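Computed from the coordinates by the stated procedures, all read-outs in this text should not be read as laboratory data. The structure presented is a predicted model; accordingly, all values stated were derived computationally and were not measured. Here the Cβ positions follow ideal geometry from the backbone for every residue, glycine too, while neighbour counts run over all protein chains shown.
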Amino acid sequence: MHVLLAILSGILFAAGVWLILRRSLARLVLGLILLSQAANLVIFTSGGLHRAAPPIVGENATALEAPYADPLPQALILTAIVISFGLFAFFLVLIKRAHQETGTDDIDAMSEVET
Amino acid sequence: MNLLIVLPVLLPLLTGVGTLLLRSSTRIQHVVSITGSAGFLASAILLLVRLRDGGILAVQLGNWPAPFGITFVADLFSALMVLLTAVIGFTVALYSIAAIDLPRIRYGYHPLLHFLLMGVSGAFLTGDMFNLYVWFEVMLIASFVLLVLGGEKAQFAGAVKYVTVNLLASMLFLIGAGVLYGKTGTLNFADLAFKLAQNPEPALVNTSAILFLVAFGIKAAVFPFFFWLPDSYHVPPAAVTALFSGLLTKVGVYALMRTFSMIFIHDMDFTGPLFLVLAGLTMVIGVFGAVAQGEMKRLLSFHIVSQIGYALMGLGIFTQLALSGAIYFTLHVAIAKAALFFVVGYVARRRGHTNLARLGGLLRESPLVAVLFLLAALSLAGLPPFSGFFAKFTLIKAGLEASQYAIVAVALLVSMMTLFSMTKIWNEAFWKDAPERMDTDARVPAPYLQAGDKWLYILPIILLVGITIVMGLAAEPILQMTGRAAEQLLDPAPYIRQVLGRMP
């Protein structure tokens, strides 16, 4: 499972980097979204994976017993997802406005408009 | 619960919400904005007074004992940086009254300004790695909108680069935090410092250390991650650029200094020289970029990059004196830089553009502003008796004591180049005669300034220049204070004890 997720996030990173190296703004956003998903998977994987081991203290126990799924990485990911949702919503509007204003989807052409 | 730590975050939040609710009236918004930032300034001063002898305050939010909940910690370094935030915030709020045009204010300039301040002081006060990430995002989203507010063409091109690079940096930061948690099981600074000191696992921890280095390096605009800064900082109005240059890159510097002096110290043989090389290259490339520019905002933006190198130099030398110098330098440069950008804003208002070749005659036209510019510029270049001299003097003394002669030579050379590029602005904009044909930029409606407006431009510049002079004249007590802050960074035991409630 670890290996599978590691490979999956590797693929997402590769695809994301490939996309942000394109000059088109739309691809740039898609690339960033893929990268942020890859980041979430890395956190998820590095937090340790345990199947069917919820972090619940047993009936007669006072503390958690060793193999349990750590809820904290999931809380981190949840926060990260919410934040990146907001940021990407803003970024999408930004490139739409940039496209309207400069009439191009190409980053290099946009920089020429500026000077 | 100690209110003193939370106030620097709460007050900007309340001010931001207040200005948001009162957005129908610009006049009331200005009053709320000024009052709120004055309150912020007062709370920051109280915090510093409370901590000036080297105490540490910690608050467990929600009363969850550390390291399980989110901790807010203020040591002297944090308190100094919060005070810096408040000073920059107050002067920018004052300057904005005249300098920010009505449409921008209608579209929420003031709430954004205060939310940005909230994010920055949250980042300075938090004692938790993931919470630091959240404050970074609060700060970033406010800065994104401030950057595009106004909707000029150039702003979009600048903003796309700025947003992209910052999103990438945040992502690296997030991965670093995730990997670090996976290896140590904690994200609390104090707990991390303790656990890593007990049981360093260099191979694994180094991965996240380098991820943090790159992420914070991008935020701080360190070589080779600085290209976005001169490409985007010149597009918003000067008040916003002053705010960004004073605070955003400094948050990156703060995060680097905090993590690499308290947490990732197990491999100083590697990180020390690495920081020195990065510092040298940042200084040199920044200043060469600046010298080549012919536009005031771009020139000063390259100087932001170059000056970051000095703060990094202190971190690379890593002695108590060097860190003390780096902290003092960070305070100094944010203030001098903001003053310079305020002057640029004044020039832009006066002439409608800030292109050096087409400027001139400003000394005769506004001698007071010219003198203020000269004072701030000399301070930035590091001439006595201004704060820049003592900042660079301390760093260079620390470099010589640690026999790091190469970086000392680079620092001195870059200082000279800084002076050279400052005289370039002085000669072109202020000293030479105004060009025959006074072409103003069509985009700016009226270069004419009313007398009252003019003083609203000049007053914040006077305040900031006054601070840099006072920081220079009172260098001894301030350096003692930054020295104590550096001691706290080098010996995290009291910090850990204060946060965790015991020495585990």
_For chain B, convex hull of alpha carbons as volume per residue, Å³_ = 123
_Order of B:ARG298, A:ARG51 under a 10 Å beta carbon neighbour criterion, fewest first_ = A:ARG51, B:ARG298
*Using just the alpha carbons, could you tell me how many Å³ per residue the convex hull of the stretch B:50-179 encloses?*
121
*Provide Rg over Rh for the stretch B:263-320; use the alpha carbon set for both Rg and the Kirkwood Rh (inverse mean inverse pair distance).*
1.13
*Give the distance, in whole Å, between the Cα centre of the stretch B:288-360 and the Cα centre of the stretch B:60-118.*
21
*Between A:GLY86, A:MET1, A:ILE56, whose Cα lies farthest towards the positive end of the dipole of chain A when Lys and Arg beta carbons carry +1 and Asp and Glu beta carbons carry -1, centred on the Cα centre?*
A:MET1
*Once you have a ≥ b ≥ c as the square roots of the Cα gyration tensor eigenvalues for the stretch B:225-294, tell me rounded if a/c is under 1.5, and otherwise prolate or oblate according to whether a/b is larger than b/c.*
oblate
*Euclidean distance between Cα centres, the stretch B:197-231 to the stretch B:246-266, Å*: 10
*List the pair-distance distribution P(r) of the stretch B:284-422, using every Cα-Cα distance, as the percent of pairs falling in each 5 Å bin from 0 up to the bin containing the longest distance, rounded to whole percents.*
2, 11, 20, 23, 18, 11, 7, 5, 3, 1
*Taking the protein assembly as shown, how many lysine pairs are there with alpha carbons less than 21 Å apart, if each pair must be eight or more places apart or span two chains?*
22
*Along Cα→Cβ, 7 Å out, is where each label goes; now give me the distance between the ones at A:ARG97 and B:LEU419 in nm to one decimal.*
4.4
*Evaluate the distance, in nm, between pseudo-label points positioned 7 Å from the Cα of B:SER25 and of B:PHE393 along their respective Cα→Cβ axes.*
5.1
*For chain A, just the Cα atoms, rotate onto the principal axes and tell me the three extents in Å, largest first.*
70, 26, 18
*Once the mean 1/r over all distinct Cα pairs of the protein assembly as shown is inverted, what Kirkwood radius in angstroms do you read off?*
24.8
